[in-house]
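Here is the structure we will look at, set down as structure tokens.
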Amino acid sequence: MSMFGQVYVKDNKYRIKGDFHHLTPNVPIRNADEGWKLMGVTNPRDMTYIHSYGGEAQFFEALGEGKLLGTRCDNPDCEFKGTVYQPFRIHCADCLGKNTVFDMTKLAKTTATVHTFMVCERAGAFNTLDKPIKFVNIEFEGVDTILMSYLSVGDPEIGMKLLPIFQTKNPTCTILDLSWVPAGTKAEELPEGFTF
Amino acid sequence: MIKFSKHQLKVPKLMRPVYMVTGGQSKFDRAIPDKRTEELCIDALTMAAGLINMSPAELKSYIHTAYYGHFADHFGDQLLGEAVIHDRLGLDPLGTIGIKTGGATGGSTPWEAVKAVASGYSDCTLAMGWERMDEVPTDEGNFLISCAADKDWESPLGHIYTGYYAVMAQRYWQIFGKAEDSFRETLAEISVKHHGYARMNPFAHSPKKITVADVIKSPVVAYPLRALDCCLMSVGAACAIICDEKTAIELTKNSSHKPVRIWVSAASHTLRPADRRDMDIPLLPNETPDQYKDLGKRFPGGDRYPGFTGFLAARMAVWYGYRMTGVIDPNEDLDLLELHDAFTISDVQTYEDIGVRPYGEGRDYVESGDCYHMNPKTGEPGKLPSNISGGLIGCMHAVGATGIMQTFEVASHIWNRWAEIHGDEKRWKEFAREKPADWTDLQVKGAKRGMAISHAGVGSHVTATILMDPDNLLKENA
Ligand SMILES: [Zn+2]
């Protein structure tokens, strides 16, 4: 029995364990209209990648702890000093200085508003969200950008007030650990594993 | 960026005139199981040679460097697919490079070829694009396309690019379309038009005789977008031969058309719409600083630019392109357009970005009938026909080839060879497609100037390719 590939870092090097690929045999593709003559072949390939979050790792870690981190340019020499970024941006888009990280959970809880949204009936392979997927793009007071995420309860509308929720039980350590619900949603309505 | 420096607003200038002398394309379809990509590319190059009455070998002998565009290595499952094609075209050991800018790849590839000729590096170049989107089924294809979004912040959200795009459509639909049924019908009309024009195009993947009601009844993909509002996923190849003046004259000496002048400009905007920041609207030559002062009053919520409703990259591509070529008003100065109709609604958004209509008024381009070959309101030729090829909705979206196909379409009108290329019975037979009994010649009569827009994803890259008959330029020394 094979084992899923697992990775940890020690001495700033990846240490890997288990299988990072799985063998599936290829099969010929034949033409039913012309005596089953050969047309091609399938190429199965199931492979696990090793991906670094780098300077954004703290953002993804914080989601599992129920916190939303944003960043801000505090460089006094930046023409656009004070720009606030959510999505969390490691470096300022203008001066390329290192941004200051701050906890914006409270700001999100008090000012998150739907800028636009989309209810999507389809998904691609490897999707793990329930369909239809309710995309929401969220404005926050004083933030210069508009975060894309998904709504877990109710139906979205432009201008709707939202609250962030976090997958704090068994977090996936991906952006899916952050979701949103309409203001006024009760704790018992939240999806499994999520808390305010 | 939210503010431009004067260096960044330099109007591009080619160091010598550049010409497109010929082009060609393969059949386009959802799947082409009986041909390898190289066979499709050879079909396109052979066609290009045939149009100027040359053999492929003669034409190849002029090519000095080659530019290849295909969007996704992982669709074709072949890294350095460009090198495979280059070898199979027998163009080694010439210099070659691969170009990737998502959906705009078919515009960026000629951008590179044009610059190589303008600089004097090459006198004759090949720009070839293709996409092999039939190596995976649709769900897996959607997954692969979603890999073009930010893989940590966007792709895990459903692995469905349409969703990331559609949030922008929703905002436009509500703010500028006011969620009106009449606007929904206008969007449907675009799909009817593009599938309808595709019926006259033997290369096209999705010819359809449909009605507005058919579009509005088609399955919802992401409300208000329905299946028939969306572009195709295709296989195919297209190419263009781009030269300096001396070579262009030599190559067309036995051809029934003269070469056309070509310029390509390009711009970009955030890969994630989430990163967009507010700025002033960069104005086109046919706009005035005060005309957008009351935009937010006329369309509540519409004052945030580019917000999620404008494509800044499209605006900037033509900002450079119009100034480079002397276009003041595209409605007056151009005779036809090929736009990147990834979705019916993004087609409307683009009318505004490229100044065919002011921001907020894009729908009028369709509702006035100006966008048609023959204006259904007046029975006269449309003022500025668009997407006569059928576009991405009716003809094809074989990503790396798309922009080149659209450029070739514009050229075929300026060459006055549209009917010959699309009406040839032999070609319909060769593609095993039936020429419709009501086949119509869609040549834009007297076309002298046109433009093709190529657009990536949520607007991360956009190119504007402007073609002009060399005897009908708008600006000296352009
Ligand atoms: Zn800064």
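Rule-based calculations on the coordinates, nothing more; no lab input. These numbers were taken from a predicted model, which means no experiment stands behind them. Positions of Cβ are backbone-derived with ideal geometry, glycine not excepted, and every protein chain shown enters the neighbour counts.
Here each label is just a point 7 Å from Cα along the line to Cβ, and for A:Asp130 and B:Glu39 those points are 4.8 nm apart. Counting only residues at least eight positions apart within a chain, or on another chain, the aspartates and glutamates with an alpha carbon under 20 Å from that of A:Lys161 are A:Asp103, A:Glu139, A:Glu141, A:Asp144, A:Asp177, A:Glu188, A:Glu189.
Return the calculated 222 nm mean residue ellipticity for chain A, to the nearest 500 deg cm²/dmol, obtained by summing -39500 (n - 2.57) across DSSP H runs with n ≥ 4 and dividing by the residue count.
Working: 2 runs with 14 residues, N = 196.
Using -39500 (n - 2.57) per qualifying helix, the result is -2000 deg cm²/dmol.
Residue-wise HN-Hα couplings along the range B:54-63, as the Karplus relation 6.51 cos²θ - 1.76 cosθ + 1.60 with θ = phi - 60° gives them from phi, are 10, 7, x, 5, 4, 4, 4, 5, 8, 5 Hz; Gly and Pro carry x. The range B:303-381 and the range B:192-267 have their alpha-carbon centroids 16 Å apart. Considering helices alone, the calculated mean residue ellipticity of chain B at 222 nm is -10000 deg cm²/dmol, with DSSP H runs of length four and up weighted by -39500 (n - 2.57) and normalised per residue.
Where the alpha-carbon atoms of the protein assembly as shown are placed on the principal axes, they occupy 75, 67, 53 Å, in descending order.
Please pull out the direction-averaged projected area of chain B, using the convex hull of its alpha-carbon atoms, in nm² to one decimal place. Can you show the working numbers first?
Details: hull surface 82.8 nm².
Taking a quarter of the hull surface, the average projection is 20.7 nm².
Here B:Lys13 is the anchor, and the lysines within straight C-alpha reach of less than 24 Å, apart from those fewer than 8 places off in the same chain, are B:Lys3, B:Lys100, B:Lys115, B:Lys246, B:Lys258, B:Lys448, B:Lys475.
The modelled label-to-label distance for the pair B:Leu80/A:Tyr8, using points 7 Å beyond Cα in the direction of Cβ, is 3.9 nm. Of all beta bridges that DSSP places with both ends in chain B, some 70 percent have antiparallel geometry. For the range A:10-76, chymotrypsin sites (Phe, Trp or Tyr not before Pro) are listed when DSSP marks them as loop and at most 11 other Cβ atoms sit within 10 Å of their Cβ; the list is A:Trp36, A:Tyr49. Residues whose amide H comes within less than 5 Å of that of A:Asp94, counting only those at least five positions distant or on another chain, are absent (H built at 1.01 Å from N in the peptide plane). Going 7 Å from the Cα of B:Lys178 along its beta-carbon direction, which residues of the range B:293-318 have the amide nitrogen within less than 13 Å of the resulting point? What the label zone holds, given the 13 Å backbone N cut-off, is B:297-300. The rule of thumb for compact globular proteins, 2.2 N^0.38 Å, goes into the C-alpha radius of gyration of the range A:6-47 2.10 times. Charging the Cβ of each Asp and Glu at -1 and of each Lys and Arg at +1, and nothing else, the dipole of chain B about its Cα centre rounds to 600 debye. Counting other Cβ atoms within 10 Å of each Cβ, which trypsin sites (Lys or Arg not before Pro) in the range B:157-259 have at most 10 and sit in a DSSP loop? Passing sites in the range B:157-259 are B:Lys253. Kirkwood-type hydrodynamic radius, the range B:1-160: 17.6 Å, calculated from all non-identical alpha-carbon pairs.
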